[in-house]
There are 2 protein chains.
Amino acid sequence: MSSASQRLESLKNQVLYSGPATGKEDIARERANTSFDIEAMKRFWAGGQESYDAMQKAYAMIKDDPELIVQAPRNFHELSREEHREFTMGQIFKSVQLFQDIKDPKMLEALRMALIQYSESFSMRFYVHEFLFKGALNMFGTEEQKEEWLPKIAKCQVFGCFAMTELGHSSFLRGLETRATFDVERDEFVIESPSVTATKWWIGMAAHTATHTVALCQTYIHGKNHGINWFIVPLHDRVDGELVPGVITGDIGAKYGRSGLDNGWIQFKGVRVPRGNLLGKWVSVTRDGTFNPAPNPAVMYGTLIPERLSVTTGCQIMMGQALLIAARYGVVRRQGAKNQQIMDYQSHCVNLMPGIAFQYVLRLTERVLQAQFQNLTSDGKMDPKTYLENVGDMHAVSASFKAASTWFGSEVLENCRRACGGHAYSAYNSIGAIIQDWGVVTTGAGDNVVLLQQTGKYLLYGFKEVIEGRSARGSIEYLNQYQEWLAQDSCKVDDERDWLQPSIAADVLTWIIIKQVCRSLDKTFRTNYQEAFNDNMLHIVRVAEVQCFTHLLKTYITAIDDLEKEQSNATNNTDLADIPTLKKLASLWGLHVLFKYMDFATMEGYLTATQARSIQHLYYKTCMDLRKDVIGLTDSWGIPDFIHKAPIGRYDGDIYPDYLKTLVNAPGCFGPPPYHSKYIKPLTDPSLNP
Amino acid sequence: MSSASQRLESLKNQVLYSGPATGKEDIARERANTSFDIEAMKRFWAGGQESYDAMQKAYAMIKDDPELIVQAPRNFHELSREEHREFTMGQIFKSVQLFQDIKDPKMLEALRMALIQYSESFSMRFYVHEFLFKGALNMFGTEEQKEEWLPKIAKCQVFGCFAMTELGHSSFLRGLETRATFDVERDEFVIESPSVTATKWWIGMAAHTATHTVALCQTYIHGKNHGINWFIVPLHDRVDGELVPGVITGDIGAKYGRSGLDNGWIQFKGVRVPRGNLLGKWVSVTRDGTFNPAPNPAVMYGTLIPERLSVTTGCQIMMGQALLIAARYGVVRRQGAKNQQIMDYQSHCVNLMPGIAFQYVLRLTERVLQAQFQNLTSDGKMDPKTYLENVGDMHAVSASFKAASTWFGSEVLENCRRACGGHAYSAYNSIGAIIQDWGVVTTGAGDNVVLLQQTGKYLLYGFKEVIEGRSARGSIEYLNQYQEWLAQDSCKVDDERDWLQPSIAADVLTWIIIKQVCRSLDKTFRTNYQEAFNDNMLHIVRVAEVQCFTHLLKTYITAIDDLEKEQSNATNNTDLADIPTLKKLASLWGLHVLFKYMDFATMEGYLTATQARSIQHLYYKTCMDLRKDVIGLTDSWGIPDFIHKAPIGRYDGDIYPDYLKTLVNAPGCFGPPPYHSKYIKPLTDPSLNP
């Protein structure tokens, strides 16, 4: 052993790790006092006993594999960009092999879930190929195109990415600059980036991994622009990984979050692709250059619907881990004159509990939402007529869902960060990484403000339709009864306890939406529409948020009722959800949304000051009532310590020694630093600076 | 040239940087259309012509110095933790030398400001020594102790740090575990960390740099605990940087933010210091171990007042840079069917403008606040009686100021991030780094929730005093007129334009505070005090926020009036602020605070729905009225491009080519990546995965 390592060992041995283990006792007591069966809730959460078992197997399969999980004393949070990129690609390589050997679909799903829970970079890098690239083929490709590409995608013989955004263009897709110009002589499209702002930007896997991309381009034929369409374009050689002639890609470099993903930029410099590389489900170009347009430009709206709905999973994984860490820290940490658990403080508990409730709302509603959009999210087999009839509502629901949930997510994560105090400033406690990985969700896949404005416009148009005698459908069907709603000019609730009924919260929120849509219409339809809309943008954004959260609330209420019926017929009770708890969470979610947006109703005189104060009081009270279950509610998500990685979120509550140990094992823990003689000694040494 | 570098050069040469330079034209037009003289405002902002010139000199002095500023093609945002630590210490080393050669105090201040604008790590690392360590000496040291230590501090013959927080203890200082036990025989204190949770934690410079620390310890003498006091304790040898016997320190490791600062942990294992190392301005221990306590335990409250007030500078530097970047990007970026500048959208402009107004509020009020606390913030020469009479109000003002401003700052920074869309996800555009560096400000130097509760309690007690016939002073003097305020049961404003008067906003806000304090008192004094306070925590926190922002608003109004008088006597006008603009910003700040907290007044029926809607309307309108000055308002802060480092925030508006160039020059831009043959080729090569 070298003298340097001897010195290091000696220092490590001097560190004191012992102390009162109050955390272990605290967390054990929390579990013992939980009002429901945590083990049953865990199994329910996982999707039943079989899925739960599969998850346990998946965790066991990956936990000690150094290609899938960073093994101590190395720390995931210490990976440099280079290391993280390589590690993530290694995870993909290894997991592709594992996936091929697994036949049980539950097991396949479990393994995939365990891996994406562990790393957002893995999740996103794989997702771009499996979901965005494949999804574009499914949604926009002909049967022949699917036949050609899907098997290659499945075996990762190609890696695909999704080139939509450009350096100068994002939300307004019609403004994209990249061109695909038809060369009728050679029967090819020529793909070109005409300026720096046309550079495709942020394209996941484009820098180094993807062999191909789908690229959204303005389609020029015989000098005429036929609008934006998708083209398959090769990027990197499948054998040596070199750039395909006519393509230049590079890495986006340092980012805040997901450093294991090679987000790239792409410039096309006259790269040629066969005519058949135009994805041709809705549009086609004949040999002579005749362009057959889509039946409706709305088909393009569908592009990002699946991605926006998939945020349900991202929310559960990222918010879930942060909430779990904050919850455990909150019951272990003691502070104040009475040495209280900080979770006991109203100001602490109320900041965390709504996020926890939201997880349950998502878990129960995601099945409903995914089922509604099944045809769109899986293999695009919905017939064109049905598709076009439904795509507007799908778009409105998914757009507002993505936007409102990810904003709420930012709030929840920031609350988690604050709830962990300085210890969230440490990279080793994961909250910082989660916040970074989260950030992009609020601006990617459609800017949240733009998305909410689109849902807002959908509400306004829907209402206009209803006023003009047609009827509203889907998520805004309730608008048909607008007259009955508006006939109420004040809220009749006078027994405070009624606010605990989520359906009553949903009613007030429905009234708010209809009333505020009317107010918007006053301004947007009766004067210059565009100008008025512009003056009214922030109002419309907020109304669309209410629409989203109320839709989720109603869906959750129905989902609990359905579940209650279903569970009443169950023959065993080891994987059943605790219905009273789910209902309490529904009360809380209703109160949370109501509290957040009730100013719309108080300002209209619909709610009195007394009612508003009751809502506030019950909102806080319901949070505090759920306080005793905070550990059970977060334990139920079944996230093992090696997945969330945070010492302060340890299952056993013994957080401090492990946290200190992590630091002691990190590179560069002990001084003197390499630059001591260069920069410190010349000042502090009395002989040098007398 | 090697073939690898030839290949790289050839790739770089293929990149397209050209495109329409609309950004340059846009930003030039914005400047031309600004309603005030930007150059004069710049000089005003800097503190007058002389200070402005000094700043320009300082920028010129550091701009091309590779020891002070990372020079292209290297990028500050690419520094690893190791490199950042070394670079930051190099900056300190170099700047200490520069400082010694400068005699002009304006120039000294300018150089210091330029350096802290450039790097939060530098700022904090230097600040710990110069401000916290020295500040503790000034505030708690005897004259002899100051005589001994201050000259050494000035010459950096010692580096000092500030060991307050422990792994298990933060806001509740009385709970600290570290012990200083008096050994009467040897006339020494023995400093000991009795458990893992007693480890001093987050201590800036403790890991590797500091030769000494002040440490807050429980003072045990003859078996009795005399409470917490400050002790000077050596950490590292001044010559070789090795640990002093009985001390073990290590680095906190990976953090979210300020990676150039060696935050450390410290365990004391029986290190001995002379009795004279107890800082003895307020307390003393005689040779035989008699403890003479402080006249009032409140002296300890003062510890962090200067740090909390210094947040004014941090706000201006960090929020200022983020706002400037977002503002410039917002007028250069065009999007939507009409290819509009995104700043023209209400939903964009309203999210940025209040933060910009806040900068001006801070700039004008900081002088007032600092002057009030001069004795405390500089050399602690205030006499004990005056100190004790004022420390409560100082504490309340500084605590709520730190908490409310840093929370608002988080909101502003998040808005800036969203306003830059995906481009804030890139590390090269600085917003991510600023957000990271900011995070710790909201949890360090006192948890914001706890601080606001303290100001809230101060309000409650102040009000109780007034009811009981005593009088309130300082920042809550207005409570003395509580009866007149409460006699108003509705707001009399009926001309919408009146809301533009900030004094009217201040009046409504004052009413809100008094009314809500009454509501809190109902709950906190008439039943079990502690329980009621706990049930009411969130309410009190929010009332304290109103108190803070209203105090700032009133101070800003007065400061503008004073400035207007002062400027009317000025002989030249090249460094004068534009008073009408400052007044518009006051209107906006008043409306912003009112809009944010007006639910307190609508719920009480004090404001009608019509009034509330007018406030909302004028709030948005005032933001949009200031839209045309957004570039002038942010240009006035005089921040050069090399300081903020973000290509999308370039002064000349030509953002895209520079941004792309930054990526092209970053390490690892071009593939194939080192792991291609290991992880990608085996899948994509048709001969290997057929």
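Round to the nearest 0.05 the FRET efficiency obtained for A:N665 and A:A337 when R0 = 41 Å and r is the Cβ-Cβ distance.
Given R0 = 41 Å and the Cβ-Cβ separation, E is 0.70.
Which value, in debye to the nearest 20, gives the size of the charge dipole of segment B:225-359 about its Cα centre, when Lys and Arg are +1 and Asp and Glu are -1 at the Cβ? Display every interim value, and only then the final one.
Values: 13 positive and 8 negative charges, 75 e Å.
Using only the charged Cβ atoms, the result is roughly 360 debye.
Just to verify a number: FRET efficiency for B:Q488 and A:K269, C-beta to C-beta distance, R0 = 56 Å, to 0.05?
Values: r = 71 Å, r/R0 = 1.27.
For B:Q488 and A:K269, the calculated efficiency is 0.20.
Starting from the amide H of B:S284, placed 1.01 Å from N in the peptide plane, find each other amide H under 5 Å away whose residue is 5 or more places distant or on another chain.
B:N292
A:K621: which aspartates and glutamates have alpha carbons under 13 Å from its alpha carbon, excluding same-chain residues fewer than 8 sequence positions away?
By straight Cα distance, A:K621 reaches A:D344, A:E496, B:D535.
Which whole-Hz ³J(HN,Hα) couplings does segment A:159-164 yield from phi under the Karplus relation 6.51 cos²θ - 1.76 cosθ + 1.60, θ = phi - 60°, glycine and proline marked x?
Values per residue, Gly and Pro as x: 10, x, 10, 9, 9, 10 Hz.
I'd like the interface area for chains B and A: accessible area of each alone minus the complex, both sides summed, 1.4 Å probe, protein heavy atoms only. What is it in Å² to the nearest 100?
Rounded to the nearest hundred, the buried surface is 11600 Å².
Probe of 1.4 angstrom, ligands and nucleic acids ignored: what's the accessible area per residue over the protein assembly as shown, in square angstrom? Don't skip to the answer; put the middle values down first.
On the way: 49600 Å² over 1380 residues.
On a per-residue basis, 36 Å².
What number do you get for segment A:447-496 when its Cα radius of gyration is normalised by 2.2 N^0.38 Å, N = residues?
Against the compact-globule rule of thumb, the ratio is 1.45.
Regarding segment B:144-286, what is the average projected area of its C-alpha convex hull, in nm²? Don't jump to the answer; show the numbers that get you there.
Values: hull surface 36.3 nm².
Taking a quarter of the hull surface, the average projection is 9.1 nm².
Taking all protein chains in place and a 1.4 Å probe, what share, in percent, of the accessible surface of segment A:158-294 do carbon and sulfur account for?
Roughly 50 percent of what the probe reaches on segment A:158-294 is carbon or sulfur.
Once you list every other residue whose beta carbon is under 14 Å from the beta carbon of A:Q501, what net charge do they have if Lys and Arg are +1 and Asp and Glu are -1?
Once all neighbours under 14 Å are counted, the net charge is -1.
Suppose each label sits 7 Å from its Cα in the direction of the beta carbon; what would the A:E531-A:D64 distance come out to in nanometres?
In this crude label model, A:E531 to A:D64 measures out at 7.3 nm.
Could you compute Rg(Cα) / (2.2 N^0.38 Å) for segment B:615-665, with N its residue count?
Here the answer is 1.56, to two decimals.
Please list the non-local residues whose amide H lies under 5 Å from the amide H of B:V271, H modeled 1.01 Å from N, same-chain partners needing a gap of 5 or more.
B:I191
Using only helices, what value at 222 nm comes out for the protein assembly as shown when you add -39,500 (n - 2.57) per DSSP H run of length 4 or more and divide by the total residues, to the nearest 500 deg cm²/dmol?
Rounded to the nearest 500, it is -17000 deg cm²/dmol.
For segment B:306-635, build the convex hull from the C-alpha positions and give me its volume per residue in Å³.
169
Taking Cα atoms of chain A, Rg/Rh with Kirkwood Rh, to two decimals?
Expressed as Rg/Rh, it is 1.00.
Mark the label point 7 Å from the Cα of A:K457 along Cα→Cβ and return the residues of segment A:474-498 whose backbone N is within less than 19 Å of it.
A:475-476
Please report, to one decimal in angstroms, the Kirkwood hydrodynamic radius of segment B:1-49 built from all distinct Cα-Cα pairs.
Value: 15.0 Å, from the Cα pair sum.
Among A:Q616, A:P640, A:F533, flag the residue with its Cα farthest along the positive direction of the charge dipole of segment A:522-647, charges on Cβ as +1 for Lys/Arg and -1 for Asp/Glu.
A:Q616
When the accessible area of segment A:14-157 is split by element with a 1.4 Å probe, what percent falls to carbon and sulfur?
About 53 percent, which is the carbon plus sulfur part of the accessible surface.
Please state the relative contact order of chain B as a whole percent: Cα pairs under 8 Å, 6+ residues apart?
Working: 1013 pairs, mean separation 121.6, N = 690.
It rounds to 18 percent for chain B.
Please compute the contact order of segment A:158-294 in relative form: average sequence separation of alpha-carbon pairs under 8 Å and at least six residues apart, divided by the residue count, as a percent.
Once divided by the residue count of segment A:158-294, the mean separation gives 27 percent.
Here are some pairs, B:K57/B:K645; A:K583/A:K645; B:K42/B:K146; B:K457/B:K492; which of them have Cα atoms lying more than 27 Å apart in this structure?
Pairs exceeding 27 Å: A:K583/A:K645; B:K42/B:K146; B:K457/B:K492.
How many nm is it between the label spots at B:A32 and A:R29, if each spot is 7 Å from the Cα in line with the beta carbon?
Output for this residue pair reads 7.2 nm.
Could you work out the mean count of beta carbons from other protein chains within 10 Å of each residue's beta carbon in A:196-209?
The per-residue average across the peptide is 5.
In units of 2.2 N^0.38 Å, what is the alpha-carbon radius of gyration of segment A:1-153?
Here the answer is 1.47, to two decimals.
With charges only on Cβ, +1 for K and R and -1 for D and E, what is the dipole size of segment B:158-294 about its Cα centre, in debye, rounded to 20?
In total the dipole reaches around 380 debye.
From the square roots a ≥ b ≥ c of the eigenvalues of the alpha-carbon gyration tensor of segment A:526-681, which class results: rounded (a/c under 1.5), prolate (a/b over b/c), or oblate?
Oblate.
About the Cα centre of chain A, what is the dipole size in debye to 20, counting +1 per Lys and Arg Cβ and -1 per Asp and Glu Cβ, all else neutral?
Result for chain A is approximately 1020 debye, rounded to the nearest 20.
Name the residues of segment A:346-362 whose accessible area, probed at 1.4 Å, falls by at least 40 Å² once all protein chains are in place instead of their chain on its own?
So the qualifying set is A:Q346, A:S347.
If each label sits 7 angstrom from Cα along the C-beta direction, how far apart, in nm, is A:T286 from its counterparts in the other copies?
From this label point to the equivalent ones elsewhere in the assembly: 11.2 nm.
Just in segment A:98-204: which trypsin sites (Lys or Arg not before Pro) are loop by DSSP and have at most 10 other Cβ atoms within 10 Å?
Qualifying residues, ordered by number: A:K103.
I'd like the distance separating the alpha-carbon centroids of segment A:178-240 and segment B:446-470, in whole Å.
After rounding, the separation between the Cα centres reads 64 Å.
Out of all Cα-Cα pairs in segment B:426-583, roughly what percent, to the nearest whole number, are more than 23 Å apart?
For segment B:426-583, the fraction of Cα-Cα distances above 23 Å is 55 percent.
For A:G336, which inter-copy label distances result when the label point lies 7 Å beyond Cα on the Cα-to-Cβ vector, reported in nm to one decimal and in ascending order?
Result for A:G336, in nm, nearest copy first: 4.7.
What is the set of long-range amide H partners of B:H226 at a cut-off below 5 Å, with H atoms built 1.01 Å from backbone N?
B:T219, B:Y220, B:I221
What are the nm distances, shortest first, from A:S677 to its equivalents in the other copies, labels at 7 Å along Cα→Cβ?
4.0
Restricting to bridges with both residues inside the protein assembly as shown, how much of the DSSP beta-bridge set is antiparallel, in percent to the nearest 5?
Expressed as a percentage, antiparallel bridges in the protein assembly as shown total about 85.
Determine ³J(HN,Hα), in whole Hz, for all residues of segment A:114-129 in sequence, where each value follows from phi through the Karplus function 6.51 cos²θ - 1.76 cosθ + 1.60 and θ = phi - 60°; x replaces Gly and Pro.
4, 5, 6, 4, 6, 8, 5, 5, 4, 3, 6, 5, 6, 4, 4, 6
Given the peptides A:336-344, B:357-365, arrange them by the average over their residues of other C-beta atoms within 10 Å, most packed first. Write out the running numbers ahead of the final one.
Values: A:336-344: 16.0, B:357-365: 23.9.
By packing density, highest mean first, the sequence is B:357-365, A:336-344.
Taking every residue in B:415-425, how many Cβ atoms of other protein chains lie within 10 Å of its Cβ, on average?
Across the residues of B:415-425, the mean count of other-chain Cβ atoms within 10 Å is 6.
Give the Rg (one decimal place) followed by the Dmax (whole number) of the protein assembly as shown, computed from C-alpha coordinates and expressed in Å.
Rg then Dmax for the protein assembly as shown, in Å: 31.4, 106.
The values are calculated or read from the model by the stated rules, or taken from the named source; none is laboratory data. Note that this is a predicted model, so its numbers are computed, not measured. Note: ideal-geometry Cβ built from the backbone for every residue, glycine included; neighbour counts use all protein chains shown. Each accessible area value is taken on the protein alone, full model and side chains, heavy atoms only, with ligands, DNA and RNA left out. Shrake-Rupley method; radii C 1.70, N 1.55, O 1.52, S 1.80 Å.
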